[in-house]
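First up is the structure itself, then whatever we jot down about it.
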Amino acid sequence: MKKPQLITIAIALLLVAGIYKFGRTVPAKKKVVASANMPAKHDHAEVSIDTFLVLGKKKLTPEQVIKINTLENTISRGNVKEQQLHVYHQLARFWWDSANAFEPYAWYEAEAARLVDSEKSLTFAAHLFLDNLQNDQVHERREWKALQAKDLFERSLKINPDNDSAKIGLGACYMFGGISTTPMEGIKLIREVIEKDSTNIYAQMMLVQGSLISGQYDKAISRLQTVNRLQPDNLEAIFMLADLYDRTGDKANAIAWYRKSLQFIKDPGIVREINKRIEELSK
């Protein structure tokens, strides 16, 4: 892929991270330190979340280790749900704010969600894992996160089988997490939502990703055009269309979509990069 395209994708991802979250409320993204060089394996296998916790503690100060151990011991002593829930949230905040480690943070948020057992809390925790795993290049760690998200989405769907967002998320776990021998298992779940509601932007964008994984650029472009008709100001779809046309050598359409993106962008630096690419394609 050409360097300008890489720049464009990076810009798009940066903007999308802050703009298009399909209504979810998650902590603001920040650079997090990997909590382990060796990824945790599945809870039902030979290693558990303890792998992340043990290796994560090695990066803490002695005072922080004492604090975290005290909180962990409080969980085992607590016999009241509200007390346990409070400690889970304290642990989650510590790993996020003080240790800058995603996996323990998400794990304790997930444990709190399982304890509360509400559709909202389970879906929130599931999306923490799902959003993060899509940028995780370590297969085993990505798979572990997908299994956590899968469990949480399934619990949410038991409470409300009609939760389309959870069904799409579950499908995405199969698509991106490597927990199935074929991504079709996840695509099938997402298509069920599309068949019921073709205007579901979240489902359409997930199927776009599925098409990209399989190298079906024509299908990806078709779905992105559908998204654009439904939501003309969806900057993610506009950037992806520009990049896909650029990648496939359709200069005219690439230029048209890059130009279309300019009406939604205020950052002078990003505008310069897009105009630069338009000039290159116009030669």
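I'd like the full set of residues that are in contact (Cβ under 8 Å) with a residue 24 or more places away in the chain and either closer than 13 Å to Trp107 by Cα or out of contact with any helix residue (DSSP H, G or I) (no Cβ under 6 Å at 6 or more places or on another chain) (or both), limited to the range 152-162. Show your work before the answer.
In the first step, residues of the range 152-162 are kept if they are in contact (Cβ under 8 Å) with a residue 24 or more places away in the chain; the result is 152-153, 155-156, 159-160.
Within the range 152-162, Leu152 is the sole residue that qualifies.
So, in the range 203-216, how many residues would count as being modelled with pLDDT under 95 and either closer than 18 Å to Pro161 by Cα or more than 21 Å from the chain's Cα centre (by Cα) (or both)?
Total satisfying the criteria: 1.
Count, please, the residues in the range 54-102 that happen to be among the β-branched types (Val, Ile, Thr) and either touching a strand residue (DSSP E or B) at 6+ places or on another chain (Cβ under 9 Å) or modelled with pLDDT of 90 or more (or both).
The initial filter retains those residues of the range 54-102 that are among the β-branched types (Val, Ile, Thr), namely 54, 61, 65-66, 68, 70, 74-75, 80, 87.
Next, from what is left, pick out any that are either touching a strand residue (DSSP E or B) at 6+ places or on another chain (Cβ under 9 Å) or modelled with pLDDT of 90 or more (or both): 61, 65-66, 68, 70, 87.
Looking only at that region, the number is 6.
Between a residue in the range 125-137 that is touching a residue at least 12 places away in the same chain (Cβ under 8 Å) and any residue that is among the basic types (Lys, Arg) and surrounded by fewer than 23 Cβ atoms within 10 Å (Cβ to Cβ), which pairs come within a Cβ distance under 6 Å, given they are 6 or more apart or on different chains?
So the pair list comes out as His127/Arg24; Leu133/Arg142.
What about Val116, is it within 28 Å of Met205 (Cα to Cα) and not basic (Lys, Arg)?
Values: within 28 Å of Met205 (Cα to Cα): no; not basic (Lys, Arg): yes.
For Val116, the condition - within 28 Å of Met205 (Cα to Cα) and not basic (Lys, Arg) - is not met.
Here is a list of conditions, (1) more than 23 Å from Phe176 (Cβ to Cβ); (2) surrounded by 14 or more Cβ atoms within 10 Å (Cβ to Cβ); (3) in contact (Cβ under 8 Å) with a residue 24 or more places away in the chain, and Phe239 meets all of them except one; can you say which number that is?
Evaluating Phe239 over (1) more than 23 Å from Phe176 (Cβ to Cβ); (2) surrounded by 14 or more Cβ atoms within 10 Å (Cβ to Cβ); (3) in contact (Cβ under 8 Å) with a residue 24 or more places away in the chain leaves (1) as the failure.
For the range 161-191: of the residues being small (Gly, Ala, Ser) and in a helix (DSSP H, G or I), which is farthest from Arg142 (Cα to Cα)?
So the first thing to find is which residues in the range 161-191 are small (Gly, Ala, Ser), and the list is 165-166, 169, 171-172, 177-178, 180, 186.
From what is left, the residues that are in a helix (DSSP H, G or I) are 165-166, 169, 171-172, 177, 186.
Numbers: Ser165: 21, Ala166: 19, Gly169: 15, Gly171: 15, Ala172: 12, Gly177: 6, Gly186: 16 Å.
Checked the range 161-191; the qualifying residue farthest from Arg142 (Cα to Cα) is Ser165.
Name the pairs whose Cβ atoms lie under 6 Å apart, with the first residue in the range 92-108 and over 17 Å from Lys145 (Cα atoms), the second charged (D, E, K, R), and 6 or more positions between them or separate chains?
That search, which allows pairs on different chains as well, returns nothing.
The values are calculated or read from the model by the stated rules, or taken from the named source; none is laboratory data. All values derive from a computational prediction rather than experimental measurement. A quick note on method: Cβ atoms are made from the backbone with ideal geometry, for glycine too, and the neighbour counts reach across all protein chains shown.
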